[in-house]
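Below you will find the structure I want to go over with you.
The values are calculated or read from the model by the stated rules, or taken from the named source; none is laboratory data. Everything numeric in this text was worked out from a predicted model, so none of it was measured. Heads up, the Cβs are rebuilt from the backbone with ideal geometry, glycines too, and the neighbour counts pull from every protein chain shown.
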Amino acid sequence: MIKFSNVAKDFRKARVLDGISLDIGIGERVALIGSNGAGKTTLIRCLLGEYTHDGEVTINGLDPRNNRTQVLGTIGFVPQLPPPLKMPVGQLIDFSAELCGTDPQRIHDIAKRLGLDIDAILTRQFVRLSGGMKQKLLIAIALGREAKVLVMDEPAANLDPEARKIFFDLLAERQNEATMIISSHRLDEVSSLVNRVIEMDLGKVVLDDRVADDVSLASTLNCRIVVKRAEPAFAKAIGAWKFAGSDDGLIWEGSIAGADRLRFHGMVARYIALVNDISLTEVTN
Amino acid sequence: MKQLWLTAKLDIVESLRARWFQIYTLVFGGIVALLFLFGLTESRVLGFIGLSRLLVTYIQLTMAILPIFVLITTVRSVAGDREAGVFEYLLSLPVSLSAWFWGKIVGRYIVVFAPVFLAMLGAVGWATIQGIEVPWEMFSYYTALLAVMAMCFLGIGMLISAVARTTDMAQGAAFLVWLTFLLFLDLILLGVMIQGKVAPEFAVTLALANPLQVFRTAALALFDPQLIVLGPSAYVILDLFGTTGYKIFALVYPATLGVLSATIGYFLFRRGDLP
């Protein structure tokens, strides 16, 4: 599906990618992790045919640079930083849909599932949307077409827990037919989403590990937490996950996306001294 | 072709919402309004009165403003878009590089040329209502001159954008190009020739190569066939070409320069890193 053969890239004599060779098959969900400057973005840009490089990158045997429209028509891309586009949302959707040969309504529908009412913001400039709205729209554009490869740079960073849950559901619907590359500098952000971890450092692959695929992207965890005393900071943090608390603020109940479990545990860990009891029950949808 | 028009449309919409376009439109619309307001159509210079007087002044002012405006706004927005990540996202969509690059040029050209032309057209419309005679031949030639002027500097701007990797570098290069053209206008050439340090042929070649000088001479040649107000180099040039020949040259050369610059820019763009 995706093949990197000895890919190298220099910027003014500084080696940013150093002989990367990888094979990524269909259905693989890859976490591309590494610190800033590790080469993740450069690798993604080589994959998108945006950078010239030594070595070879192919998607289904085709070079993305020389077969742009053919190859990029099968790739859905979500950048880490939304571009500062001044065009109205409606035009961005129409432009993308027309180039990708998809029905704009598909993008509207996915955005709606993510909690973004496109009709209300059709004439608003993209750059004027909030960070979360931009992210949802870019995800909707990437998923609103027949993409065989999904390349996403910190895609869930600006999403609230509810939208993240729907986002994971949307990925789950595609997991058997699409290859996903999710870039992040923190593994805990994406670990539950993937079945393969590729870590980069100084332009090289330092870890390439297939991980147990036990967590269903579409699963939900019902959770109950009992705390020792009512604490406003904890109530605020757990409230962001849409948990409902008892009147005395001691018992909290709600559900989280299976793929979000590590992130959720990270939040709970900050208040671990406060926690008396915690239970999680997986419910596969 | 569909991709090219989609990109052009996209660039037009982006430009229409940009502040530079609002200022640009205001400047050219304002110039025409001011020229009418100050009663320029009633004043006389070198035998010119009415709308032809206004058009002569308008094209002189446009020659001073349009090149630097087009150069700076083109390189700022193209290099700025690249720096801000707009290229990274939009070029991840299935659009060919030729459709993207030339689509941007087409869109930008429409946006750059339309206000200048519409301001002039507005002047013609107003003159017709006021019963002032419209010099159609002059209007047509000036329209063509403005069209190639926009094409020339847009092409150069796109070449600079393709070469420069940062907005600052692009702006600096654009300013330098404009300054070089400005320095080699007729007055400087005249000074150089008087000092006798360069061959007259070289000075004439410089004047022929400088699109600003070419426009200036062509615009003035319409109302001053002897080119008395210009320096000797322009006179020599006119003598070589003849009035009609020079008028044609003044359209063909800058247009060729613009298209050639844009073409070189395109090959550099597609050869290098895109974002």
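Residues that are away from chain B (no Cβ under 14 Å), at least 2 per element: which strands (runs of 3 or more DSSP E) completely within the stretch A:119-225 meet that?
Where strands (runs of 3 or more DSSP E) fall fully within the stretch A:119-225 and carry at least 2 residues being away from chain B (no Cβ under 14 Å), they are A:179-184, A:196-201, A:204-210.
From the list B:F117, B:F101, which residue is free of Cβ contacts under 8 Å to residues at least 40 places away in the same chain and not small (G, A, S)?
So the residue among B:F117, B:F101 that is free of Cβ contacts under 8 Å to residues at least 40 places away in the same chain and not small (G, A, S) is B:F117.
Could you tell me how many of the residues in the stretch A:228-252 are assigned to a strand (DSSP E or B) and surrounded by 15 or more Cβ atoms within 10 Å (Cβ to Cβ)?
3
If I ask for residues that are within 17 Å of A:I182 (Cα to Cα), in contact with a Leu (Cβ under 9 Å, 6 or more places away or on another chain) and of a type outside the set (D, E, K, R), which ones from the stretch A:38-71 would you list?
A:A38, A:G39, A:T42, A:L43, A:I44, A:C46, A:L48, A:I59
Of all residues in the stretch A:260-285, count the ones that are without any contact (Cβ under 8 Å) to a residue 12 or more places away in the chain, under 19 Å from A:S191 (Cα atoms) and hydrophobic (A, V, I, L, M, F, W, C).
Counting residues in the stretch A:260-285 that are without any contact (Cβ under 8 Å) to a residue 12 or more places away in the chain, under 19 Å from A:S191 (Cα atoms) and hydrophobic (A, V, I, L, M, F, W, C) gives 1.
In the stretch A:32-53, what count of residues is obtained for those that are within 13 Å of chain B (Cβ to nearest Cβ) and either hydroxyl-bearing (S, T, Y) or in contact (Cβ under 8 Å) with a residue 24 or more places away in the chain (or both)?
9
Follow-up question, since we're still on this one. Within the bounds of the stretch A:59-67, is there any residue that is closer than 25 Å to A:L138 by Cα and in contact (Cβ under 8 Å) with a residue 40 or more places away in the chain?
Yes, the conditions are met somewhere in the stretch A:59-67.
Pairs, please: C-beta under 6 Å, at least 6 apart or cross-chain, first residue more than 7 Å from chain B (Cβ to nearest Cβ) and surrounded by fewer than 19 Cβ atoms within 10 Å (Cβ to Cβ) and in the stretch A:79-104, second in a helix (DSSP H, G or I) and among the hydrophobic types (A, V, I, L, M, F, W, C)?
From the stretch A:79-104, the pairs are A:P104/A:I93; A:P104/A:A97.
Taking A:L62 and the conditions (1) within 13 Å of chain B (Cβ to nearest Cβ); (2) crowded, with 19+ Cβ neighbours inside 10 Å, which numbered condition does it fall short on, given that it satisfies the others?
Evaluating A:L62 over (1) within 13 Å of chain B (Cβ to nearest Cβ); (2) crowded, with 19+ Cβ neighbours inside 10 Å leaves (2) as the failure.
Turning to a different aspect of this structure: With A:E162, A:E154, A:E177 as the choices, which residue is in contact (Cβ under 8 Å) with a residue 12 or more places away in the chain and in contact with a helix residue (DSSP H, G or I) (Cβ under 8 Å, 6 or more places away or on another chain)?
Just a single option satisfies the conditions, and that option is A:E154.
Name the single residue that is nearest to B:V112 (Cα to Cα) among those in the stretch B:243-271 being free of Cβ contacts under 8 Å to residues at least 12 places away in the same chain and within 14 Å of another protein chain (Cβ to nearest Cβ).
Applying the filter and picking the extreme gives B:F267.
Just to be sure, is A:S35 over 21 Å from A:Q135 (Cα atoms), hydroxyl-bearing (S, T, Y), surrounded by fewer than 19 Cβ atoms within 10 Å (Cβ to Cβ) and at pLDDT below 90?
Yes: the conditions hold for A:S35.
Results for (1) surrounded by fewer than 21 Cβ atoms within 10 Å (Cβ to Cβ); (2) within 12 Å of chain A (Cβ to nearest Cβ), shown as yes or no for each residue.
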position: B:R53; (1), (2): no, no
position: B:T57; (1), (2): yes, no
position: B:P67; (1), (2): no, no
position: B:T74; (1), (2): no, no
position: B:S77; (1), (2): no, yes
position: B:E88; (1), (2): no, yes
position: B:I110; (1), (2): yes, no
position: B:L121; (1), (2): yes, no
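Could you check B:M63 against (1) modelled with pLDDT under 85; (2) surrounded by 13 or more Cβ atoms within 10 Å (Cβ to Cβ); (3) under 30 Å from B:F175 (Cβ atoms); (4) away from chain A (no Cβ under 14 Å) and say which number it fails?
(1)
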